[in-house]
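Written below as structure tokens is the structure these notes are about.
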Amino acid sequence: MNSTNSFAQGVLFGSVLGAGLVLLLAPRAVAEARRTLTDSANSLRDATTDEYGRVRRRVVAAVDEVVARGESVRKDVANAIGNGGREVERVAVTVKTVPPTREL
């Protein structure tokens, strides 16, 4: 009976010691997991912010280029219309001032 009593005391002592270690170490593990998760979330946020900035700069540059090209085309069209108008005016003046010729 002494060995059974000793075994029961050992089981009880081991259980209490195990429970104490769990209570002692669990908050540290939870805090470490929380810290790791927070660090990962912050790293993801920083990487996302950096990528957003890079993409935004590329989009702004592309839009600026398209606007510049559009402005260039608009100027070219305006010049062509102006040149065409002047040519029409020149031909109209020429037609008015030159008497018609008669061919036989």
Exercise. Could you run the Karplus curve 6.51 cos²θ - 1.76 cosθ + 1.60 with θ = phi - 60° over the range 47-64 and give me ³J(HN,Hα) per residue in whole Hz, x for Gly and Pro?
Key: 5, 5, 5, 5, 5, 4, x, 5, 5, 4, 4, 5, 5, 4, 5, 5, 5, 4
Self-check item: Backbone HN-Hα couplings from phi across the range 37-44 [Karplus 6.51/-1.76/1.60, Hz, Gly and Pro as x]
Solution: 5, 5, 4, 5, 5, 5, 5, 5
Practice problem: Using DSSP to define loop residues, name the GluC sites (Glu not before Pro) in the chain whose beta-carbon has at most 13 other beta-carbon atoms within 10 Å. | Solution: Glu103
Quiz prompt | Pairs of Cα atoms farther than 25 Å apart, the chain, % | solution = 72
Quiz item: With charges set only on the Cβ (+1 for Lys and Arg, -1 for Asp and Glu), what does the dipole of the chain come to about its Cα centre, in debye to the nearest 20?
Solution: 240
Self-check item: Size descriptor, Kirkwood hydrodynamic radius, that averages inverse alpha-carbon separations across the range 28-72, Å
Solution: 13.2
Quiz item: Thinking of the range 1-54 as a set of Cα atoms, what percent of all their pairs are more than 19 Å apart?
Solution: 60
Quiz item: Between Leu21 and Arg35, 0.36 nm times their residue separation minus their Cα-Cα distance comes to what?
Solution: 2.9 nm
Exercise. Choose one of Gln9, Pro99, Asn79: the residue whose Cα lies farthest towards the positive end of the charge dipole of the chain (beta-carbon charges +1 Lys, Arg; -1 Asp, Glu; about the Cα centre).
Key: Pro99
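Taking 0.36 nm per residue of separation and subtracting the Cα-Cα distance, what length does fully extending Asn79 through Arg56 add?
Difference between extended and current length: 4.8 nm.
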Quiz prompt | Phi-based couplings in Hz for the range 17-31 (Karplus 6.51, -1.76, 1.60; Gly and Pro marked x) | solution = 4, x, 5, x, 5, 4, 5, 6, 8, 4, x, 5, 5, 5, 5
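Only the coordinates and a few stated rules stand behind these numbers; no lab work does. Note that this is a predicted model, so its numbers are computed, not measured. We place every Cβ from the backbone using ideal geometry, glycine too, and count neighbours over all the protein chains shown.
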